[in-house]
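J.: Below you'll find the structure I mean.
The values are calculated or read from the model by the stated rules, or taken from the named source; none is laboratory data. As the structure is a prediction and not an experimental result, all values here were calculated from the model. Note: ideal-geometry Cβ built from the backbone for every residue, glycine included; neighbour counts use all protein chains shown. Each accessible area value is taken on the protein alone, full model and side chains, heavy atoms only, with ligands, DNA and RNA left out. Shrake-Rupley method; radii C 1.70, N 1.55, O 1.52, S 1.80 Å.
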Amino acid sequence: MKVAFFDTKEYDINSFDNFNNKNNLEFTYFETKLNEDTVELAKGFDAVCVFVNDTVNAKVIDKLVEYGCKLIALRCAGFNNVDIKYAYKKIHVVRVPAYSPYAVAEHAMALLLTSIRRIHKAFNRTRDYNFSLSGLVGFDLHGKTIGVVGTGKIGRIFIDICKGFGMNVLAYDKFHSSSDINYVSLDELFAKSDIISFHCPLNEETYHMVNKENLSKMKNQVVLINTSRGALFDADALVDALKARKVGAACMDVYEEEGDLFFRDYSGHILNDDTLARLLSMPNVIITSHQAFLTNEALSNIAQTTSENLITYLSNGFNDNEICYQCGLQDQCKRKRQERCF
């Protein structure tokens with residue numbers, strides 16, 4: 001199987017080369033993202049391997065089908081960048097449902113601790129031999145109430161971490177996954193939480209979940225964490241809430257308009273995104289560039305699962321990690337998968 005690998009980074013090549021040419025797979029790496037302008041690069045390939053900021057819309061799907069491509073292999077869990085409904089009965093789509101939930105959950109906690117204990121500020125100061133403690137006062141996590149939106153694998157691991165700090169945990173999810181979790185309504189979670197962390201997929205229901213209306217329901221000086229998808233937050237509404245001192249701090253590993261920015265070095269350029277520039281200028285905002293997944297363990301799991309998805313599709317004709325428009329998320333599908341979705 002010849003696979004066109006898009007949005008390639010050095011760490012991708014290092015991870016996937018262990019599987020390249022070993023299992024009837026032949027990867028060709030492209031640095032560019034997959035979109036309407038670059039889809040022609042997929043000519044002559046049996047499958048494409050894409051990441052979170054590749055664009056797989058209807059026009060791209062039509063071209064892939066025209067070129068004889070049979071499979072879209074996502075090397076990530078989320079698939080909001082793929083038009084799943086349009087792909088149905090045209091081209092199969094597989095994903096990596098879990099690569100390292102610990103990596104993402106731990107990064108969320110790292111962002112939180114860095115923010116509330118002013119670690120980033122202290123680091124910069126001491127490098128200039130400034131050992132003053134002025135302005136570095138934080139607060140204890142012990143005894144605070146944290147709201148966790150989304151209790152999939154990552155959310156549940158994050159909850160366990162929070163309990164280890166002695167925090168009171170409230171959770172919201174349409175599907176209750178454990179009797180040990182204190183589930184409440186979303187409005188109650190917003191109203192009672194000192195800190196809110198988001199671990200849910202991006203869809204029509206969660207798009208701009210953090211908006212002007214919902215921000216008004218939250219406690220004053222609430223701390224917000226997002227390591228899921230950028231469009232969960234209305235960034236302009238968040239800026240207004242930060243300026244009004246409604247939000248005490250924001251910790252973000254994702255940003256709605258990250259596609260043309262993240263994973264690249266723009267240090268010598270002027271940032272054209274005024275909203276992102278405003279967020280980065282605020283002392284109580286920490287933004288990392290979609291790196292929560294970036295651990296050796298996660299990269300190895302991504303490469304292994306993606307390669308197995310390709311091999312399974314090639315040899316068996318179906319795969320447990322296929323995304324089906326009819327069934328929705330694979331882990332909510334009630335029928336036993338013994339054949340392809342179409």
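J.: What is the packing order of peptides 250-262, 130-142, taking the mean over residues of other C-beta atoms within 10 Å and listing the highest first?
T.: Values: 250-262: 20.4, 130-142: 10.5.
Taking the mean over residues of other Cβ atoms within 10 Å, the ranking is 250-262, 130-142.
J.: Amide H neighbours of Gly248 under 5 Å, counting only residues 5+ apart in sequence or on other chains, H built in-plane at 1.01 Å?
T.: Those qualifying (amide H under 5 Å, at least 5 residues apart or on another chain) are Gln221, Val222, Val223.
J.: Another question, if that's okay. State the answer as a single residue: which of Val285, Val247, Gln304 lies farthest towards the positive end of the charge dipole of the stretch 197-329, with beta carbon charges of +1 for Lys and Arg and -1 for Asp and Glu, about the Cα centre.
T.: Val247
J.: Please give the residues of the stretch 233-273, grouped as numeric ranges, whose backbone N is less than 15 Å from a label point set 7 Å along the Cα-to-Cβ vector of Asn124.
T.: Label zone hits: 250.
J.: Let me ask something else. For Gln221, project a label point 7 Å along Cα to C-beta. Then give me every residue of the stretch 243-265 with its amide nitrogen under 11 Å of that point.
T.: Answer for this model: 248-249.
J.: Between His269 and Asp180, what is the FRET efficiency for a Förster distance of 41 Å, r being their Cβ-Cβ separation, to the nearest 0.05?
T.: Efficiency, from the Cβ-Cβ distance: 0.25.
J.: Turning to a different aspect of this structure: How big is Rg to Rh over the stretch 65-170, alpha-carbon atoms, Rh as the Kirkwood inverse-mean-distance radius?
T.: That ratio equals 1.20.
J.: Using the Kyte-Doolittle scale, find the helices of the chain whose mean hydropathy is at least 1.6 and whose Cα atoms extend 20 Å or more along the helix's long axis, counting only whole DSSP H runs.
T.: Span-like helices, by this rule, are absent here.
J.: Here is a further query. Testing the spin-label approximation: label points 7 Å from Cα along Cα→Cβ at Lys59 and Arg278. State their distance in nm.
T.: Inter-label distance under the simple model: 3.0 nm.
J.: Put +1 on the Cβ of each Lys and Arg and -1 on the Cβ of each Asp and Glu in the stretch 153-266; which of Ile195, Tyr183, Gly164 then has its Cα farthest toward the positive end of the dipole?
T.: Gly164
J.: Now for a separate question. How high is the relative contact order of the chain, in percent, counting Cα pairs under 8 Å that sit 6 or more residues apart?
T.: Computed over the chain, the figure is 17 percent.
J.: Please work out how much length the chain gains when fully extended from Asp187 to Thr28, using 0.36 nm per residue of separation minus the C-alpha to C-alpha distance, in nm with one decimal.
T.: Going from the current span to full extension adds 52.5 nm.
J.: How much area per residue is accessible in the chain when the probe is 1.4 Å and only protein heavy atoms are counted (Å²)?
T.: 49 Å²
J.: Here is a follow-up. Of the accessible area of the chain, with the probe set at 1.4 angstrom, what percent is carbon plus sulfur?
T.: Of the solvent-accessible surface of the chain, carbon and sulfur hold 47 percent.
J.: Dipole magnitude of the stretch 65-148 about its Cα centre, charges +1 at Lys/Arg Cβ and -1 at Asp/Glu Cβ only, in debye to the nearest 20?
T.: Roughly 120 debye for the stretch 65-148.
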